[in-house]
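See structure below.
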Amino acid sequence: MLELFVAMVKEEWRVHSTMFGSISFALFPILIFWIAFMGSFLLPLMRHSLPAGELSLVLHANYLMLGFMVGAFGLLGAEVMNRRFGQASLLAYSARSLPLSERFIFANFVVKDTLYYFVLWVLPLALGFLLASPFIGVPVTLPLLLSLTLTLSFLSGLCAVFFLSSVYSRSKPALAAILVILAGAAGAIALLTGQDPARFFPPLMLFNAFSWLNFVLSCAAIVILFVVSIWLFTPETADSTKHYPDVLTPLTKKLSFFPTPPLAAKDLIDMYRSGGMVGQTLFSFAIPLVVIWFFLSLLTGYLPSYGVLLEFAIVTGIIASTMYTWLTMFDTFGAYACLPISVRTLIKSKIASFSVLQLIPVVFVALAALLSGQALYLLPAVVLCLSVSFYSLGITVWLTGLSPSVLVYNVKVMVTYLVLIGIVLLILSAVAFAAPFAALGAVILFAPAAFFARLGFAKWEACEQPGF
């Protein structure tokens, strides 16, 4: 197992370093470390408005969400292999030529990805806080404990989504039943204890009150989810012939108000027929948002009554902007190179398809407003969500073109994105909390969104498109 694991790690490094350069990729964890180190010096200032216990809650929620996003393999089997690797010949296909079982290979693949993203995202953040602790008057034991519990939070999210997607590959009704049971259990805990179910998240309980029992409980949950996921994993796909009616023509007519109706319709059909629309919406969007809502609801004592809803709308807008990545995963410009279609036209078609998909976040924000009794603030929440989503889209188009899933690891791209998004989010949060209906002014973000998109059209039209 060790030999295959080491080979997969080397392969992962070679793939990414080939895509955007060894130095640029190697600097990425250093960037994360530096952000964590410098951000730690703001903690004493933040404690005046948010107690330390709530700050730790936010951190654990962020790491759990990171685990969800990394672990969002979507549909396993052919869906993972085709969508992640495309036509590349990687070690994940070794079962076709070597005497290795699919489960053995996939177990190595999952362990490799766990370690890979841990070193890339988790370790630099934990190390940055640890090295900054002596300068901000924090005992060294606190960042060490926090590093442990944040790691467990990350692994909990990763293994939970891995488990759910394994169940999804086996039986969709079984997945629905599990989600219903989990929702019922969360409701029962809230009724019986009178507390938010997020308070009983094992890594958070371990941080608030360290004990070996809580530690074993946290580790056991992760191990069980991982083992069951590997056991449930099946690389086989159903041997059946699927027949689809012609929906391109009617869907193109319905999207006739877009600049490129046929291309927008093709994107939506690709997502639907591959199962990506269901899988991505569930594992990369719905589940993380439900978890975020649980954790944000714990801040009701520190935010205005409408604050949780508006903050949720902003976060939903950020996550919704990643739908552009969903759309660009299915094809590259190479497939259109022999057609009279420019890069500008193709990006516009992706933006049109992205606009249709924004119905999903709108529905989520509307449900959150109604279920939380904040229906009065539904309109500003929806405006916030869509404004942030399209603003983030404009920046993404400008910085990454048709390759957002690749260029996200470019240090220059990441820093520029964080600065442009972070400044706007801080201003929006301050304005929304001060006067909720002033959040309607967020519509002004559509102007810079269009500006950045036009810059992206010109930039990527003049560049040779990569082949990955």
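Listed by first and then second residue, the pairs linking a residue in region 26-39 that is in contact (Cβ under 8 Å) with a residue 60 or more places away in the chain and of a type in the set (A, V, I, L, M) to a residue that is open to solvent by less than 80 Å² (accessible area, probe 1.4 Å) and in a helix (DSSP H, G or I), with Cβ atoms under 6 Å apart and 6 or more places separating them unless they lie on different chains, are Leu27/Val411; Leu31/Val411; Ile32/Pro124; Ile32/Leu125; Ala36/Leu125; Ala36/Gly128; Ala36/Phe129. As a summary of the residue check, Leu217 satisfies the conditions (1) surrounded by 11 or more Cβ atoms within 10 Å (Cβ to Cβ); (2) free of Cβ contacts under 8 Å to residues at least 12 places away in the same chain except for the one numbered (2).
Elements of the type helices (runs of 4 or more DSSP H) sitting completely within region 377-447 and holding at least 3 residues that are open to solvent by 20 Å² or more (accessible area, probe 1.4 Å) and touching a residue at least 40 places away in the same chain (Cβ under 8 Å): these cover 378-400, 411-434. Any residue at all in region 144-160 that's more than 24 Å from Ile292 (Cα to Cα), of a type in the set (A, V, I, L, M, F, W, C) and either surrounded by fewer than 21 Cβ atoms within 10 Å (Cβ to Cβ) or at pLDDT 80 or above (or both)? Checking region 144-160: at least one residue is more than 24 Å from Ile292 (Cα to Cα), of a type in the set (A, V, I, L, M, F, W, C) and either surrounded by fewer than 21 Cβ atoms within 10 Å (Cβ to Cβ) or at pLDDT 80 or above (or both).
If the condition is being open to solvent by 40 Å² or more (accessible area, probe 1.4 Å), at pLDDT 75 or above and part of a helix (DSSP H, G or I), then region 38-57 contributes only Met38.
If only residues of region 122-132 that are within 15 Å of Met38 (Cα to Cα) and crowded, with 19+ Cβ neighbours inside 10 Å are counted, the one that is farthest from the chain's Cα centre (by Cα) is Leu130. Of the residues making up region 220-232, those that are under 22 Å from the mean Cα position of the chain (by Cα) and open to solvent by less than 40 Å² (accessible area, probe 1.4 Å) are Ile222, Ser229. With respect to the stated conditions, Leu289 fails to be assigned to a helix (DSSP H, G or I) and modelled with pLDDT of 90 or more.
Considering every residue within region 362-372, establish whether at least one is in contact (Cβ under 8 Å) with a residue 12 or more places away in the chain, over 27 Å from Trp34 (Cα atoms) and outside any helix (DSSP H, G or I). Scanning region 362-372, I find at least one residue that is in contact (Cβ under 8 Å) with a residue 12 or more places away in the chain, over 27 Å from Trp34 (Cα atoms) and outside any helix (DSSP H, G or I), so the answer is yes. For beta carbons closer than 6 Å, sequence separation of 6+ or different chains, a first residue in region 161-173 that is under 16 Å from Ala286 (Cα atoms) and in a helix (DSSP H, G or I) and a second that is modelled with pLDDT of 80 or more and among the small types (Gly, Ala, Ser), the qualifying pairs are Phe162/Ser229; Phe163/Ser229.
In the condition set (1) under 30 Å from Phe104 (Cβ atoms); (2) of a type outside the set (S, T, N, Q); (3) touching a residue at least 40 places away in the same chain (Cβ under 8 Å), Leu204 is compliant with all but (1).
The values are calculated or read from the model by the stated rules, or taken from the named source; none is laboratory data. Only a predicted model underlies this, so the values are computations on that prediction, with no experimental measurement involved. Cβ: placed from backbone, ideal geometry, glycine included. Neighbour counts: every protein chain shown. Just so you know, the surface numbers come from the protein's heavy atoms only, side chains and all, with ligands and any DNA or RNA stripped out. Shrake-Rupley method; radii C 1.70, N 1.55, O 1.52, S 1.80 Å.
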